[in-house]
Structures are given as structure tokens and as C-alpha cells.
Amino acid sequence: QLANERVAYFNGKIVPESQVLIPFRDRGFKYGDAVFDMTRTFGHKIFRLQEHVDRLYKSLAYLKIDPQLSPKEMIRLSEEVLERNLHLIGKNEDYWLGQRISRGVGESFSGTENAGATVIVECSPLPLKHRAPLYRDGIDVIVPSVRRTPPDAMSPRAKTHNYINLVLADLEARAQDAEAWAVLLDQDGNLCEGLGSNVFIVSGDRLLTPRARFVLPGISRQHTIDMAERIGLPFAEADIDLYDAYTADEMFLTSTSLCICPVRSINGRTVGDGAVPGPVTRQLIDAYAKSVDFDFMGQYLSHLS
Ligand code: PMP
């Protein structure tokens, strides 16, 4: 094991990450035939592991992959992997903590002769320094021409390893602006989801987010909705087209790592009056921080160089 090397769970054992080697015939590599989920820590404490593992098992059920571990065992392994890696990060740093499960090695496309699932539980440091400017300046969103995979082709509600649709969106957005964040439209031209994130707008006194059918049911998305209800903010799932986006008062993205992060512009147009964050976003950031007992925005901003 290399000095300061993290460990991960890999097919039955906890080993140094350099020993997590996947055969090239693994179906996760060949076809993206795999699922994953990912939570984070706040001050080294895990955020909603049960809900992330519940979503993981729904993704597994959607693809009919049997991990040969119960959700309870997956939770225990996740906690153990985190525990064994915590000494490698500073007090002001946190981890992503995730599970990755493929159908395993398969010789032929339709072959079911594979030897069983490949299971990995791993953690990696959150990119706090890299993403800190997003909290100071806001995210610049670009809507690429590539549309989100429609639910009748492959459900965006399952968190699979098939991210090619989002990779293409990211390539297109970053060709325009290296720091931009892609937010895709669905097949009907409504805002859908961003690269690894859900999107919300504030329009008048209402908080809106795209309908559940078209997006990954983000744990942070749901947490934000719960928060809005607690604060008494009118909320709805809705069709949000580019007119709605261009005339919104505020916009923000949610995800495990970002929690809630303000958007500054969309397709080069300033959102609302350009305040980052706007008043409603600020209110939700504060409520979110309070609910997890952790000032995530302060943590990001403290990593500005
Ligand atoms: N949409 C997609 C496509 C994602 O990959 C993610 C991040 N995992 C999200 C939304 C946000 O989900 P969560 O809040 O659970 O991280």
C-alpha cells in the first residue's frame, strides 16, 4: 500500500485502492452495465446514507443486477470504508462516499454466464477548492443542443453508469466556456437536469423544479423541496421552458456535493438582477445548512485561494 493511499471495499475485501482492478471484460466497462450511488459527509458525518442506499437498490432492481449483499450490509460497508479513510483528510475537508456495482464479467452480450456482480464501495475527497468559486460567483449554465435521454429509452430515475448523454452535454457546454455547467432540455424542450445535478428556478414568489418523471430523484432535490415546505415557500413541479428560465428571478442547482449552489447566468444571460445568491436561494441555503448542522457554503468559500 502506498503512503496515504485510501482503501476501498472490492468484491468481499477491503483493500488499498491500487488493488481495485477490474477485468476488461467487466460489463460495466464494456456496456456501462452498472449502477452507482453517492453521498457525502458534512464535517465527517455521512448525509442520508439510508436514502442513497435505497435509491441504489432501486437502480439495481431496474437493471436486474443482484449485488449479493443486503442494503444493511451495504450501509455497514460504506460506514466502514469511510471510517478507515477519515484519517487521510483534514478537519475542513469532506468525502464523497459511494457504491459502484456492475453486472460483472461477461463473455458475450446476452450471456448470463457471468460470475456475479462486481461490487466497489469507495470514497474520494470533495473538490472543495476547485468548486469554491461557484459559491462566490455563481454557476454559468449553458444549455447544449443535446437533449436528455428520454425516459422511454432509459429512465433517468435510475443512477446507471451510462453517463454518455451527460458527457456529450458537458463537452458541448465546455467548448463554449471551460467553467460552464451543462443543464439539458428534455425531448419537449423543458429544462430537465444538469450534469450530476437538479435545477430549480424562483419565479415571483414560487419555487419550481422540473417534473420527477424526467430527472434523477436527487436526494438534495427532495431535501430542498422539504426545506421549502418547512419555510412555507410555494413550490411546484412544472414544465420550465427557456422563456421561464430567461425570465426567472433566481436559479440554483442541487446535488450531493453542491447541496444548493446559485446560478449566475444561463446561455450568457444574467439570471434576475444578478445577485449571487438571490434572497430565496439564500434562505434555502441557510435552511439546508441548519438542517445538516453544517455551513457547507462557508466550507467551500474557506477553500478559495
Ligand atoms: N441528476 C443526475 C444525473 C445526477 O447524477 C445527480 C447526482 N448524483 C443528481 C441529479 C443529483 O442527485 P443527488 O442530489 O442525490 O446527488
Evaluate the following for F42: is it closer than 15 Å to L82 by Cα and of a type in the set (F, W, Y)? yes
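Looking at L191, L195, L185, L166, which is the one that is more than 15 Å from L253 (Cα to Cα), among the aliphatic types (A, V, I, L, M) and buried (at least 16 other Cβ atoms within 10 Å of the Cβ)? Before the answer, list the steps.
Numbers: L191 fails: more than 15 Å from L253 (Cα to Cα); L195 fails: more than 15 Å from L253 (Cα to Cα); L185 fails: more than 15 Å from L253 (Cα to Cα).
Result: L166 is the single residue among L191, L195, L185, L166 that is more than 15 Å from L253 (Cα to Cα), among the aliphatic types (A, V, I, L, M) and buried (at least 16 other Cβ atoms within 10 Å of the Cβ).
How many residues does region 249-271 hold that are of a type outside the set (S, T, Y), touching a strand residue (DSSP E or B) at 6+ places or on another chain (Cβ under 9 Å) and over 28 Å from F294 (Cβ atoms)?
So in region 249-271, the residues of a type outside the set (S, T, Y) come out as 249-253, 258-264, 266-269, 271.
This time we only want the ones that are touching a strand residue (DSSP E or B) at 6+ places or on another chain (Cβ under 9 Å), so: 249-253, 258-264, 266-268, 271.
If we keep only those that are over 28 Å from F294 (Cβ atoms) too, we end up with 266-268.
Residues that pass the stated criteria total 3.
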Does region 255-305 hold any residues that are on the phi < 0 side of the Ramachandran plot, among the acidic types (D, E) and touching a residue at least 60 places away in the same chain (Cβ under 8 Å), and which are they? none
Subset of region 20-51 [within 16 Å of the ligand (Cβ to nearest atom), aromatic (F, W, Y) and within 19 Å of A158 (Cα to Cα)]: F36
The condition from (1) farther than 30 Å from P262 by Cα; (2) not assigned by TED's automatic domain parsing to the domain that holds S197 that D94 misses is numbered (1)
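Out of the helices (runs of 4 or more DSSP H) lying entirely within region 36-140, which hold 2 or more residues that are under 23 Å from G12 (Cα atoms) and in contact (Cβ under 8 Å) with a residue 60 or more places away in the chain? Working first, answer last.
Details: elements: 49-63, 71-85, 128-137.
Those helices (runs of 4 or more DSSP H) span 49-63, 71-85.
Mind listing whichever residues of region 198-221 are under 16 Å from A158 (Cβ atoms), within 8 Å of the ligand (Cβ to nearest atom) and not basic (K, R)?
Of the residues in region 198-221, the ones under 16 Å from A158 (Cβ atoms) are 198, 212-219, 221.
After this cut, where a residue has to be within 8 Å of the ligand (Cβ to nearest atom) as well, the list is 198, 215-219, 221.
Listed by number, the residues that qualify are N198, V215, L216, P217, G218, I219.
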Using beta carbons and a limit of 6 Å, which pairs, at least six apart or on different chains, have the first residue in region 172-200 and more than 14 Å from L134 (Cβ to Cβ) and of a type in the set (A, V, I, L, M) and the second one assigned to a loop (DSSP other than H, G, I, E, B) and away from the ligand (no atom under 16 Å from the Cβ)? A173/A180
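Quick one: count up the residues across region 129-139 that are more than 15 Å from the chain's Cα centre (by Cα) and surrounded by fewer than 19 Cβ atoms within 10 Å (Cβ to Cβ). Walk me through it before giving the result.
First, the residues of region 129-139 that are more than 15 Å from the chain's Cα centre (by Cα): 129-130, 132-139.
Checking which are surrounded by fewer than 19 Cβ atoms within 10 Å (Cβ to Cβ) leaves us with 129-130, 132-133, 136-137.
Residues in region 129-139 being more than 15 Å from the chain's Cα centre (by Cα) and surrounded by fewer than 19 Cβ atoms within 10 Å (Cβ to Cβ): 6 in total.
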Return the residue satisfying two criteria in turn: it lies in region 157-197 and is out of contact with any strand residue (DSSP E or B) (no Cβ under 7 Å at 6 or more places or on another chain), part of a loop (DSSP other than H, G, I, E, B) and at negative phi, and of such residues it is nearest to the ligand (Cβ to nearest atom). Y163
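For region 42-56: of the residues being of a type outside the set (A, V, I, L, M, F, W, C) and surrounded by fewer than 20 Cβ atoms within 10 Å (Cβ to Cβ), which is farthest from R27 (Cα to Cα)?
Here is the first cut: in region 42-56, the ones of a type outside the set (A, V, I, L, M, F, W, C) are 43-45, 48, 50-52, 54-55.
Going one step further and asking which of them are surrounded by fewer than 20 Cβ atoms within 10 Å (Cβ to Cβ), we end up with 43-45, 48, 50-51, 54.
Numbers: G43: 36, H44: 33, K45: 33, R48: 29, Q50: 27, E51: 26, D54: 23 Å.
Only one residue fits best here, namely G43.
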Quick one: what pairs do we get from region 213-225, first residue touching a residue at least 12 places away in the same chain (Cβ under 8 Å), second part of a loop (DSSP other than H, G, I, E, B) and near the ligand (Cβ under 8 Å from one of its atoms), C-beta under 7 Å, 6+ apart or different chains? F214/P156; V215/P156; L216/P156; L216/K159; I219/T256; S220/T256
Counted residues in region 3-20 being in a loop (DSSP other than H, G, I, E, B) and touching a strand residue (DSSP E or B) at 6+ places or on another chain (Cβ under 7 Å) come to 4
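Considering region 21-35 alone, what residues qualify as being in a strand (DSSP E or B), among the acidic types (D, E) and touching a helix residue (DSSP H, G or I) at 6+ places or on another chain (Cβ under 8 Å)?
Quick first cut of region 21-35, residues in a strand (DSSP E or B) only: 26, 34-35.
Subset that is among the acidic types (D, E): 26.
None; the set is empty.
Can you name the residue in region 1-19 that is more than 23 Å from the chain's Cα centre (by Cα) and within 22 Å of G106 (Cβ to Cβ) and, of all such residues, is nearest to the ligand (Cβ to nearest atom)? Give the derivation first.
Of region 1-19, the ones more than 23 Å from the chain's Cα centre (by Cα) are 1-5, 11-16, 18-19.
Next, only the ones that are within 22 Å of G106 (Cβ to Cβ) stay: 11-12.
Working: N11: 24, G12: 26 Å.
The selected residue is N11.
The values are calculated or read from the model by the stated rules, or taken from the named source; none is laboratory data. Here the structure is a predicted model, which is why all the values come from computation and not from measurement. All Cβ positions, even for glycine, are placed from backbone atoms using ideal geometry, and neighbour counts span all protein chains on display.
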